[in-house]
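Chemist: Can you read through this structure? Questions will come right after.
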Amino acid sequence: MARKPVIAGNWKMFKTVSETVRYFDEFKPLVADADHCEILLCTPSPTLTSAVDTVRGTAIQIGSQNHYWESEGAFTGEISAPMVKATGCSHALVGHSERRQYFGETDATVLKRTKSALAEGLTPVVCVGETLEERESNNTETVLATQFLGGLGALTTDEFSRIIIAYEPVWAIGTGRTATPEMADEAHRFIRQQAADQFGSELADSVRILYGGSVKPGNCNSLMACENIDGGLVGGASLKPEEFAKIVHFADQPA
Ligand code: PEP
């Protein structure tokens, strides 16, 4: 089955509103002809509205990086899925490993955030991935299965049909150390098999699974060529318009 690739950027805690506007002014013409993939940028909360305004009329989509699962309430410092939706965002990043590592995100809270995003009509991009210790102790598949079953596996079939998954080995994020295409494809195949076991082969064949972890213009080509890799979630290399545009264009001509 043909799955349209998604090239997604995660700006993490970088860029102010004025830097955001400048970025998109530079980035938009570089990807104006790119209709072979979906382009998504997950930007910091204070920049969402201006990002949405700046890309209006283009195919570039904007997503949040994190939200709380309640719609509103006494939760100081949090933003909700309805608030994200009201900015004009289409996507919501959920369960990034930095949220899991530093802010207590668990499979159970990933599930709640995913469901609350779906309830607002946002497309969640849900992250899973093992640490270096887990990989080196041969526990990658156990960890992925646990994360899948504890989070995504509890979605309804309809909910699952509306998500994107990102496989991001924690040891490859921001480290310059990328999974080999074989390693990444094997993990993606395993996640797809989990999806097939839980939701059937048709949905498993159609779900997009992105690879994340030090993706750069120099390595994205061979990753994107893998059978089970349907795009990338890019951190550092999404901060520079020309670098991210190169990755977008490489998705059209995998090695
Ligand atoms: C990320 O932030 O999801 C990520 C993969 O970062 P980097 O590309 O910098 O490793």
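The values are calculated or read from the model by the stated rules, or taken from the named source; none is laboratory data. Predicted, not measured: the structure shown is a model, and the values here were computed from it. Heads up, the Cβs are rebuilt from the backbone with ideal geometry, glycines too, and the neighbour counts pull from every protein chain shown. All accessible areas refer to the heavy atoms of the entire protein, side chains included, with ligands and DNA or RNA removed. Shrake-Rupley method; radii C 1.70, N 1.55, O 1.52, S 1.80 Å.
Chemist: Working only within the stretch 1-30, note down all residues that are farther than 22 Å from His249 by Cα and within 16 Å of the ligand (Cβ to nearest atom).
Modeler: Passing the criteria: Lys12, Met13, Phe14, Lys15.
Chemist: Another one. When you scan the stretch 153-181, how many residues do you find that are open to solvent by less than 30 Å² (accessible area, probe 1.4 Å), more than 10 Å from the ligand (Cβ to nearest atom) and either among the polar types (S, T, N, Q) or in a loop (DSSP other than H, G, I, E, B) (or both)?
Modeler: 3
Chemist: Which residue out of Arg22, Arg99, Arg113 is open to solvent by less than 40 Å² (accessible area, probe 1.4 Å), basic (Lys, Arg) and on the phi < 0 side of the Ramachandran plot?
Modeler: Arg113
Chemist: Please work out if Phe103 is aromatic (Phe, Trp, Tyr), away from the ligand (no atom under 16 Å from the Cβ) and out of contact with any helix residue (DSSP H, G or I) (no Cβ under 9 Å at 6 or more places or on another chain).
Modeler: In short, no.
Chemist: Out of everything in the stretch 121-139 that is more than 17 Å from Gly95 (Cβ to Cβ) and more than 16 Å from the ligand (Cβ to nearest atom), what residue ends up being surrounded by the most Cβ atoms within 10 Å (Cβ to Cβ)?
Modeler: The residue in question is Asn139.
Chemist: Now a separate question. Of all residues in the stretch 182-193, count the ones that are away from the ligand (no atom under 13 Å from the Cβ) and either touching an Asp or Glu at 6+ places or on another chain (Cβ under 6 Å) or open to solvent by less than 10 Å² (accessible area, probe 1.4 Å) (or both).
Modeler: 4
Chemist: Report yes if some residue within the stretch 60-77 is touching a Phe, Trp or Tyr at 6+ places or on another chain (Cβ under 6 Å) and without any contact (Cβ under 8 Å) to a residue 40 or more places away in the chain; otherwise report no.
Modeler: So far as the stretch 60-77 goes, yes, one or more of its residues are touching a Phe, Trp or Tyr at 6+ places or on another chain (Cβ under 6 Å) and without any contact (Cβ under 8 Å) to a residue 40 or more places away in the chain.
Chemist: Also: Looking at Phe148, is it under 20 Å from Val6 (Cα atoms) and either out of contact with any strand residue (DSSP E or B) (no Cβ under 6 Å at 6 or more places or on another chain) or open to solvent by 10 Å² or more (accessible area, probe 1.4 Å) (or both)?
Modeler: no
Chemist: Ok, one more. Regarding the stretch 198-214, can at least one residue be identified that is closer than 22 Å to Glu136 by Cα, more than 10 Å from the ligand (Cβ to nearest atom) and of a type outside the set (D, E, K, R)?
Modeler: No; the residues of the stretch 198-214 include none that is closer than 22 Å to Glu136 by Cα, more than 10 Å from the ligand (Cβ to nearest atom) and of a type outside the set (D, E, K, R).
Chemist: Right, something else. Can you spot a residue in the stretch 233-244 that is more than 16 Å from the ligand (Cβ to nearest atom), surrounded by 17 or more Cβ atoms within 10 Å (Cβ to Cβ) and within 23 Å of Ile62 (Cβ to Cβ)?
Modeler: No, that holds for no residue.
Chemist: So which of Ile79, Ile39 ends up being within 16 Å of the ligand (Cβ to nearest atom) and either acidic (Asp, Glu) or in contact with a strand residue (DSSP E or B) (Cβ under 8 Å, 6 or more places away or on another chain) (or both)?
Modeler: The unique qualifying residue is Ile39.
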